[in-house]
Amino acid sequence: MMSGTLSISERIFGDVTVVSLDGRLDTTTASDAEASLLSLLGAGRQKIVINARNLEYISSAGLRVLLAAKKKLGSGSGDIRLAAMSPQIRNIFAITGFDRIFLLFDDEGQALASFS
Amino acid sequence: MNPEYLGYFIVLFQMMAVIVILAYFVTRITYFSEVLSGIFTWKNQILLTLFFGLVSIYGTESGISILGAPINIRDLGPMVGGLSCGPIVGCGAGIIGGIYRMTLGGFTCTACTLATILAGFFAGAIYLLNHRRFVGWQLAVAFAVIMEGIHMGIVLLVSKPFSQAFELVSIVAAPMILVNAAGMLVFALIIGNLIAERRTKEERDRYGAELERKKAELQVARTIQESLLPRTLPTLPGMELAAKALPATEVGGDFYDTIPLSGDSSAMLIGDVSGKGVPAALFLSLSRTVVRANTGWHDRSWEVIRDSNKMIAADAASGMFITLFFGVLDFRKRQLTYVNAGHNPPLLVHADATSEELAITGIALGALDSADYEERMVSLSAGDVIVLYTDGVTEAVNDRDEQFGTVRLEGIVRDAHTRPAENILDRILQEIAAFTGDTPQFDDITLMVVKVTSP
C-alpha cells in the first residue's frame, strides 16, 4: 500500500502555529492530520501555516482535511496558509483548483509574514 | 523419609486436590461469572457466601495436627471470597467459618474466630480498593501470607496464657502460612485463568461485532453507489460509448452518468467524491441529483456547474467535495463542450494518434461556493477517442509502489485508438490488472470511453 506514514509537528510563533507535515497525506493518514488541525482550532489557534517542505504526496482525502479546517475557520481573522510545497504538490493544488482557495507561499518566512 | 512426614504430605496433597476441585467448581457456576461481570444480586451474594463459608468449614475440618499443633486453611474461603466477590461474600464467609470455629472451643477459640472474620473483611476491602476487580495471583498470595501472619499475631495478643500461645505459634506459623499461601495460589491461578478467558472472548466478540458493522456499512455504501450508476448506456448517433466502474473494497465514491438532452446532444459525466464509505456515497447521491436538476434548468454547461457548485457547497459538511467532468456531446455538429471541475483531465486521442488533455476549467464542486467555471469546446472528427477516468486508474499501484500514471494510460490509448470503444476500455482494464498484479487497490477504478465513428 502506498500509504504509510505522516509525521506532524507543531511550532509556535506568536499567534501563528506552523504545522510541518512530513510524509504522505492520504486516506490512511488524513484522520491524524484532521485530528491535529481540529485540536489546534479547538484550542483557539486560528492562524496556521502548513509547512509542506517534506510533504511527498497529497490525495483528495488530504485536500478534504485542509478544506474542512479552512471552512471551520470561516471568514474571521484566522486562516490556513501553505508554504514551501514541492512542484509536484503545487501541481496537485493547481490541477484541483485548490490554489484558488488557499494562499500558497514559497517559504515559511513569507507565510508567517503574511499574517502580520 | 520419616513415615510421619509422609503422612502429612499425603494429607496436604489431598487438601490441595480438594481445593483444585472447589476452585474449578466455583469458576464454572454462573453466579460467579455474574459477579466477575459486575452483576451483584441477593441470590448470587447469598449463594457465594454459603459456598465460601463451606470452604472455610472444610478448611477447619480438614486441618491436621502437626507435632500436636493444628494446621488448617479455615481463612482461605473468606480470603478468596472477599478478593474475588467483594466484602459481602468475604465477611459472610468469614462469619460462617468463624462461628463454626467458635463451637469447637479451645484456648485459641476467640483469636481464631476473630482472625477468620477479619480475613474476609480485609479481602473484601482489597477488592473494593482494586476497583471491584480481582487483584491477580501475586497480590492474592502476598495477602494470604500477610493475613496468616496477622492471624498468628492475634493468637499471641488474645490467647492466654501467653507462654502456651507463643509455643503454639512458633510451631504452626510457618506451615500455616505456607499451606494457606499454596491454597490461595491454586484458587488465584484458576480464577485468573477464567478472567483471562472471559476477556479474550469479550475482545473477540467486540472485534467480531465491529467487523460485522463495518461489513454492513461497506455493503450500504456499495449499494448506494451502484444504484447511482446507469444500468444501461444509451446508443449515441455516430459515436460509441463504453463505461465501467470497479469499486474498491472500501468504496471510494466514483461515479459516471449520461443525461440525454434536447436536440442532438447528450451530457456525459464522470466524478469522484473526496472520501470513502457511506458519507461519500450520500454526498455523491446529493451531488448527482443537484447536477441532474441543473442540467434541466440551464442551456450552458458553465451555468449548470456554477449553480450546482453553489448548492453543493451550501451542503458540503466537513470539507467534502466532488471532482466532476461535465461534457456535452453534440452529435450533429460533432463537438464536445465541457466544464472540468477539478477532475483528472480526460484524454482526447485523435485519429492521427496525436493527443491532448481536456484541462481543468474550475475547482472541484463544493470546495468554494463563489467559484467561477469556464466552458471550453473541442471539435471532434471520425476516429477520435475520449477517455474519461478517475484517479483510481492513474494512481493504481504495483508491488513496487509505482503508480500506473498518465503516461502509461496515454500509451495504451494511442496504441489501441483504432479499435472500438469497448475494446479500448477492456484493453486499459487488462493493462491495469497486469500492472497491479496481486497488490490490493484502495480506490475505485472508473473509466468511460467515447469513440467518434464515421458519420
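The values are calculated or read from the model by the stated rules, or taken from the named source; none is laboratory data. Just so you know, these numbers come straight off a predicted model, no measurement behind them. Virtual Cβ from ideal backbone geometry, glycine too; neighbours counted across all protein chains shown. The accessibility values were calculated without ligands, DNA or RNA, using every heavy atom of the protein model including side chains. Shrake-Rupley method; radii C 1.70, N 1.55, O 1.52, S 1.80 Å.
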Residue ranges of strands (runs of 3 or more DSSP E) in the range B:296-404 with at least 2 members modelled with pLDDT of 90 or more, more than 10 Å from chain A (Cβ to nearest Cβ) and in contact with an Asp or Glu (Cβ under 7 Å, 6 or more places away or on another chain): B:335-341, B:347-349
Checklist (1) more than 40 Å from the chain's Cα centre (by Cα); (2) within 25 Å of B:ASP384 (Cβ to Cβ) applied to B:GLY296, failing item: (2)
Being at pLDDT 90 or above, open to solvent by 10 Å² or more (accessible area, probe 1.4 Å), away from chain B (no Cβ under 14 Å) and touching a helix residue (DSSP H, G or I) at 6+ places or on another chain (Cβ under 8 Å), is that true of even one residue in the range A:28-40? no
Among (1) open to solvent by 70 Å² or more (accessible area, probe 1.4 Å); (2) more than 41 Å from the chain's Cα centre (by Cα); (3) over 18 Å from B:VAL186 (Cα atoms), where does B:LEU54 come up short? (3)
Return the pairs, sorted by first residue and then second, in which the second residue is open to solvent by 60 Å² or more (accessible area, probe 1.4 Å) and in a helix (DSSP H, G or I), the first residue lies in the range B:15-28 and is assigned by TED's automatic domain parsing to the domain that holds B:LEU194, the beta carbons are less than 8 Å apart, and the residues are 6+ apart or on different chains. B:VAL18/B:TYR58; B:LEU22/B:TYR58; B:THR27/B:ASN193
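Among what's in the range B:405-449 and is charged (D, E, K, R) and part of a loop (DSSP other than H, G, I, E, B), pick the residue that is farthest from the other protein chains (Cβ to nearest Cβ). Step through it out loud before you land on a result.
Initially, the range B:405-449 is screened for residues charged (D, E, K, R), giving B:408, B:410, B:414-415, B:419, B:422, B:426-427, B:431, B:438, B:443-444.
Checking which are part of a loop (DSSP other than H, G, I, E, B) leaves us with B:419, B:438, B:443-444.
Details: B:ARG419: 29, B:ASP438: 12, B:ASP443: 8, B:ASP444: 12 Å.
Per the criteria, the residue is B:ARG419.
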Does B:LEU284 meet the test of being buried (at least 23 other Cβ atoms within 10 Å of the Cβ), in contact (Cβ under 8 Å) with a residue 24 or more places away in the chain and farther than 17 Å from B:ALA367 by Cβ? no
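If you take the residues of the range A:1-45 that are of a type in the set (D, E, K, R) and without any contact (Cβ under 8 Å) to a residue 60 or more places away in the chain, which of them is nearest to A:SER116 (Cα to Cα)?
From the range A:1-45, those of a type in the set (D, E, K, R) are A:10-11, A:15, A:22, A:24, A:26, A:32, A:34, A:45; that's our starting set.
Cutting the leftovers down to without any contact (Cβ under 8 Å) to a residue 60 or more places away in the chain gives us A:10-11, A:22, A:24, A:26, A:32, A:34, A:45.
Numbers: A:GLU10: 19, A:ARG11: 17, A:ASP22: 26, A:ARG24: 30, A:ASP26: 31, A:ASP32: 29, A:GLU34: 26, A:ARG45: 15 Å.
Here the residue is A:ARG45.
Only one of these is under 11 Å from the mean Cα position of the chain (by Cα), within 14 Å of another protein chain (Cβ to nearest Cβ) and not in a helix (DSSP H, G or I): A:ILE80, A:ILE48. Name it.
Details: A:ILE48 fails: within 14 Å of another protein chain (Cβ to nearest Cβ).
Unique residue meeting the criteria: A:ILE80.
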Residue list for the range B:420-438, filter: surrounded by fewer than 16 Cβ atoms within 10 Å (Cβ to Cβ) and farther than 17 Å from B:ALA243 by Cβ: B:ALA433, B:ALA434, B:GLY437, B:ASP438
Between a residue in the range B:36-55 that is more than 22 Å from B:ASN193 (Cα to Cα) and any residue that is among the charged types (D, E, K, R), which pairs come within a Cβ distance under 8 Å, given they are 6 or more apart or on different chains? B:THR41/B:GLU34
In the set A:GLY62, A:GLY4, which member is at pLDDT below 90, outside any strand (DSSP E or B), surrounded by 13 or more Cβ atoms within 10 Å (Cβ to Cβ) and in contact with an Asp or Glu (Cβ under 8 Å, 6 or more places away or on another chain)? A:GLY62
Under the condition of being open to solvent by less than 40 Å² (accessible area, probe 1.4 Å) and out of contact with any Lys or Arg (no Cβ under 9 Å at 6 or more places or on another chain), which residue from the range A:94-111 is farthest from the other protein chains (Cβ to nearest Cβ)? A:PHE98
Looking at the range B:236-254, which of its residues are more than 14 Å from chain A (Cβ to nearest Cβ) and in contact with a strand residue (DSSP E or B) (Cβ under 8 Å, 6 or more places away or on another chain)? B:LEU236, B:GLY238, B:MET239, B:GLU240, B:LEU241, B:ALA242, B:ALA243, B:LYS244, B:ALA245, B:LEU246, B:PRO247
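Quick check on this structure: which one of B:ALA364, B:ALA314 is closer than 25 Å to A:GLY97 by Cα, surrounded by 19 or more Cβ atoms within 10 Å (Cβ to Cβ), of a type in the set (A, V, I, L, M) and in contact (Cβ under 8 Å) with a residue 24 or more places away in the chain? So that I can check it myself, show each step before the final result.
Details: B:ALA314 fails: surrounded by 19 or more Cβ atoms within 10 Å (Cβ to Cβ).
Exactly one of B:ALA364, B:ALA314 is closer than 25 Å to A:GLY97 by Cα, surrounded by 19 or more Cβ atoms within 10 Å (Cβ to Cβ), of a type in the set (A, V, I, L, M) and in contact (Cβ under 8 Å) with a residue 24 or more places away in the chain, namely B:ALA364.
Given the criterion surrounded by 19 or more Cβ atoms within 10 Å (Cβ to Cβ) and either in the same structural domain as B:ILE360 (by TED's automatic domain parsing) or not polar (S, T, N, Q) (or both), identify the matching residue among B:ARG306, B:ARG292.
Numbers: B:ARG292 fails: surrounded by 19 or more Cβ atoms within 10 Å (Cβ to Cβ).
When all the criteria are applied, what remains is B:ARG306.
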Residues located in the range B:265-295, provided they are modelled with pLDDT under 90 and more than 14 Å from every other protein chain (Cβ to nearest Cβ): B:VAL278, B:ALA281, B:LEU282
